[in-house]
Amino acid sequence: MEKKIRAKITGISSYVPDFILTNEELSKMVDTSDEWIMSHVGIKERHILKGPGKATSDMGAEAVKKLLKKTGTKPEEIDLLICGTVTPDMFFPATACLICGKTDIKNAFAFDTNSGCCGFIYTLSVGARYIESGRYKKVIIVGADMNSSMVDYTDRATSPLFGDAAGAVLLEPTTEELGVMDEQMGVDGSGWTHLHIKAGGSLMRHTHETIENNLGCIYMEGQSVFKWAVIKMADVAEEIIKRNGLDSKKVWLLPHQANLRIIDAVENRISFDKEKVLVNIEKYGNTSAATIPLVLSDFEHKFKKGDDLAFCSFGAGFSWGAIWLKWAY
Ligand code: UT7
């Protein structure tokens with residue numbers, strides 16, 4: 001019997017812009033404090049992309065260049081690049097195309113996905129299917145968001161939460177029991193009312209009024225999102241662990257980094273080993289599609305071949321999901 005082809009991660013990289021916005025600096029811009037942000041969210045600072053002509057594709061391209069170098073891969077070997085983002089440089093072309101243009105990737109096709117904070121895991125799921133088909137050998141998954149481009153820096157309810165970053169992984173086929181093993185995803189489309197951007201799309205074109213009222217910025221009802229995030233992230237993480245008979249104490253948990261209190265709630269519900277719940281929200285804030293690759297990148301040195309990793313996320317849509325993956329190197 002032919003062995004099943006799986007998609008394994010063979011390299012990871014990340015990029016954060018140089019400029020750091022600390023809680024102290026933010027407290028001069030809006031009515032907030034380091035004490036409130038640390039106790040309610042767990043963020044100390046976030047990186048912000050600055051400079052004219054800079055956008056999401058620049059961060060994505062930096063992450064991809066690092067990834068190609070680190071894995072010894074030539075740009076022309078890449079078959080497909082998919083970018084998960086909700087902050088594309090422009091409505092079109094896809095940011096994935098712009099990233100290919102900036103990294104000399106010429107033999108690939110490329111497109112974006114739009115899944116908010118589930119951007120990385122949904123895009124990884126799509127990329128894994130291309131590898132599993134047997135037709136594609138080298139697929140790059142990028143998670144990149146320039147959240148500062150849609151944050152209202154006069155709104156204290158959202159401005160402390162978000163940062164800018166990009167991460168990228170290389171997917172390649174394997175017939176070993178490694179790579180993407182199982183996943184559980186879901187959406188509840190009625191949840192959109194709690195987290196969205198009101199203007200700028202086909203529903204509400206921009207006018208002077210929408211600009212004056214900051215309707216092109218993130219609108220979030222924090223408490224509703226919080227409650228759903230705790231329930232759904234814990235549900236999917238538990239489901240993926242139980243149905244595959246995994247020992248939760250041995251699994252590395254890489255949760256989406258939106259709020260330290262959400263992560264703590266997920267950890268308590270499934271009784272993970274605290275040492276194996278990976279957190280870096282303090283340094284970067286919520287970088288949407290980039291949070292999980294940033295965690296992967298920061299803690300890569302801890303993983304050994306065959307280790308069980310569980311990613312879980314929750315975000316706009318509402319959308320949620322978890323992926324179980326066996327580390328391949
Ligand atoms: O990535 C997926 C999408 N996002 C999320 O998952 C985020 C989910 N939501 C959250 O993380 C939390 O709901 C927030 C961090 C957004 C807010 O935390 P909270 O504990 O739910 O605060 P709250 O909205 O209930 O506000 C509590 C108090 C209020 O004051 P009063 O009414 O009790 O006097 C707010 O006005 O905190 C006040 N507040 C602030 N105070 C200082 C809200 N934001 C701030 C702030 N600084 N930045």
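For beta carbons closer than 6 Å, sequence separation of 6+ or different chains, a first residue in the range 30-43 that is surrounded by 15 or more Cβ atoms within 10 Å (Cβ to Cβ) and a second that is of a type outside the set (Phe, Trp, Tyr) and part of a loop (DSSP other than H, G, I, E, B), the qualifying pairs are 30/156; 30/159; 32/156; 32/160; 37/43; 37/160; 41/259; 43/285.
Considering 168, 199, the condition of being crowded, with 20+ Cβ neighbours inside 10 Å, more than 14 Å from residue 313 (Cβ to Cβ) and away from the ligand (no atom under 16 Å from the Cβ) is satisfied by 168 alone.
Of all residues in the range 24-48, those being closer than 16 Å to residue 152 by Cβ, of a type in the set (A, V, I, L, M, F, W, C) and more than 9 Å from the ligand (Cβ to nearest atom) number 2.
Regarding residue 5, is this residue touching a Leu at 6+ places or on another chain (Cβ under 8 Å), aliphatic (A, V, I, L, M), at pLDDT 95 or above and more than 9 Å from the ligand (Cβ to nearest atom)? Show your work before the answer.
On the way: touching a Leu at 6+ places or on another chain (Cβ under 8 Å): no; aliphatic (A, V, I, L, M): yes; at pLDDT 95 or above: yes; more than 9 Å from the ligand (Cβ to nearest atom): yes.
It is false that residue 5 is touching a Leu at 6+ places or on another chain (Cβ under 8 Å), aliphatic (A, V, I, L, M), at pLDDT 95 or above and more than 9 Å from the ligand (Cβ to nearest atom).
The residues listed here are 110, 55, 96; of these, the one that is buried (at least 23 other Cβ atoms within 10 Å of the Cβ) and in contact with a helix residue (DSSP H, G or I) (Cβ under 9 Å, 6 or more places away or on another chain) is 96. Inclusion of residue 104 among residues that are within 16 Å of the ligand (Cβ to nearest atom), assigned by TED's automatic domain parsing to the domain that holds residue 31 and under 25 Å from residue 17 (Cβ atoms) is not warranted. Being closer than 30 Å to residue 160 by Cβ and away from the ligand (no atom under 14 Å from the Cβ) is a property that residue 204 has. Condition check for residue 43 on (1) within 21 Å of residue 123 (Cβ to Cβ); (2) touching a Gly at 6+ places or on another chain (Cβ under 6 Å): one failure, at (1).
Of the residues screened, residue 176 is one that is more than 30 Å from residue 55 (Cβ to Cβ), of a type outside the set (S, T, N, Q), in contact (Cβ under 8 Å) with a residue 40 or more places away in the chain and away from the ligand (no atom under 12 Å from the Cβ). The single condition among (1) surrounded by 15 or more Cβ atoms within 10 Å (Cβ to Cβ); (2) touching a helix residue (DSSP H, G or I) at 6+ places or on another chain (Cβ under 6 Å) that residue 224 does not satisfy is (1).
The values are calculated or read from the model by the stated rules, or taken from the named source; none is laboratory data. Treat the numbers as computed from the prediction; the structure is a model and nothing was measured. Counting neighbours? That spans all protein chains shown, and the Cβs are built from the backbone with ideal geometry, glycine included.
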